[in-house]
Amino acid sequence: MNVEKGYVDEPVPAEVKDLKEEIIKLKKEKGAVIMGHYYQKGEIQDVSDYIGDSLALARIAAETDARIIVMCGVHFMGETAKILCPDKKVLVPDLNAGCSLADSCPAEDFDTFIKAHPGHTVISYVNTTARVKALTDIVVTSGNARKIVESLPADEKIIFGPDRNLGEYINSVTGRQMVLWNGACHVHERFSIEKIKELKEQHPNAHILVHPECRKPLHLIADKVGSTAVLLKYAIESPVKEFIVATESGILHEMRLKCPEKTFIPAPPDDNVCGCNECSYMKLNTLQKLYNCLRFEQPEVVVPDELIESARRPIERMLAMS
Ligand code: 13P
């Protein structure tokens, strides 16, 4: 079995006729739970036991009694699950599934930044490596960042990393002046405000849904700013029938399943003709890689023991506070 490429590179046996059925069978045999982020391909969401935003996936990982967790998301999500459940086997179908935002915050540089701001509480977004989490006081996701920041004393000095857009958004709604690390997500940064405004002219009744990792001008024209789970909830509960969705287009799969009578229009990036904005890392996980991952129980997420200890504290603090 060859896993050198970061995923199990094996053909599917000829006798396997239906990959989805086979994945569901294997997962039961192995005592595995499949978790899928909303940005995964629709076919992966379809075979997942749980789909959710990064906060929900962390919560479920902390509570599951499954022997194996297959995290269909990106590498930091697998790491978070491993940190919370060090005794379990945590698999990600393709370990090459990285995150541009996590990459925008190398641990050594973040450490220097922290040392340059003594006396500050360090809050890090969950889209970070385990090494950055180990330097952090409290981890947050886009689903709980506001609540956690607001729960701290008004005069508390805070460093927020790595997403400058989320940090700027939290500063604007809380009135805080957190010191921001200058990182960003390459998918959320490339939405075109002009094209979104044009879409709004064509669909004047549509509501604009925006993930806080998008740039500030998008926050200002949004009807709702929130995490993937918050945007989904808004779409379900709103009487509005049309939505322009400015986050990774994988979320549209669940939105359309939950609201078949409503119309969801993916907000376009500024460099694309097809109109969708996809995270190429998220889309590295495929049904074939998921099948092989369950079959061979590889590739496994490994986090050194000493890092698990120090990275777990700020994640547990988040879970307790949210
Ligand atoms: P959510 O926490 O909204 O799921 O976002 C995760 C993420 O990776 C956004 O880029």
> Given the conditions (1) open to solvent by less than 60 Å² (accessible area, probe 1.4 Å); (2) in contact (Cβ under 8 Å) with a residue 40 or more places away in the chain; (3) assigned to a helix (DSSP H, G or I), which single one is not true for Arg317?
Replying inline: (1)
> Considering only residues of region 94-116 that are in contact (Cβ under 8 Å) with a residue 60 or more places away in the chain and outside any loop (DSSP other than H, G, I, E, B), which is farthest from the chain's Cα centre (by Cα)?
Replying inline: Phe113
> So which pairs qualify, if the first residue must be in region 166-184 and more than 13 Å from Arg215 (Cβ to Cβ), the second must be open to solvent by 40 Å² or more (accessible area, probe 1.4 Å) and of a type in the set (S, T, N, Q), the Cβ gap must be under 7 Å, and the two must be at least 6 apart or on different chains?
Replying inline: Asn171/Gln177
>> Out of Met35, Met1, Met77, Met71, I need the residue that is touching a residue at least 40 places away in the same chain (Cβ under 8 Å), in contact with a helix residue (DSSP H, G or I) (Cβ under 7 Å, 6 or more places away or on another chain) and loosely packed, with under 15 Cβ neighbours inside 10 Å. Which one?
In response: Met1
> Taking region 117-154 as the region of interest, how many residues are basic (Lys, Arg) and without any contact (Cβ under 8 Å) to a residue 12 or more places away in the chain?
Replying inline: 0
> Within region 254-270, is there a residue that is assigned to a helix (DSSP H, G or I) and either closer than 30 Å to Asp9 by Cβ or modelled with pLDDT under 95 (or both)?
Replying inline: yes
> Here are some residues: Gly143, Gly167. Which one is in a loop (DSSP other than H, G, I, E, B) and either closer than 25 Å to Ile308 by Cα or open to solvent by less than 30 Å² (accessible area, probe 1.4 Å) (or both)?
Replying inline: Gly143
> For region 195-240, which residues satisfy the criterion of being open to solvent by 70 Å² or more (accessible area, probe 1.4 Å), away from the ligand (no atom under 13 Å from the Cβ) and closer than 23 Å to Gln45 by Cβ?
Replying inline: Ile236, Glu237
> With (1) within 16 Å of the ligand (Cβ to nearest atom); (2) open to solvent by less than 50 Å² (accessible area, probe 1.4 Å); (3) of a type in the set (Ser, Thr, Tyr) as the list, and Tyr50 as the residue in question, which single condition is left unmet?
Replying inline: (2)
> Given the structure, is Gly119 open to solvent by 20 Å² or more (accessible area, probe 1.4 Å), touching a Gly at 6+ places or on another chain (Cβ under 8 Å) and outside any helix (DSSP H, G or I)?
Replying inline: no
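The values are calculated or read from the model by the stated rules, or taken from the named source; none is laboratory data. Just so you know, these numbers come straight off a predicted model, no measurement behind them. Here the Cβ is made from the backbone with ideal geometry for all residues, glycine too, and neighbour counts use every protein chain on show. Protein only, heavy atoms only, side chains kept; ligands, DNA and RNA dropped before computing areas. Shrake-Rupley method; radii C 1.70, N 1.55, O 1.52, S 1.80 Å.
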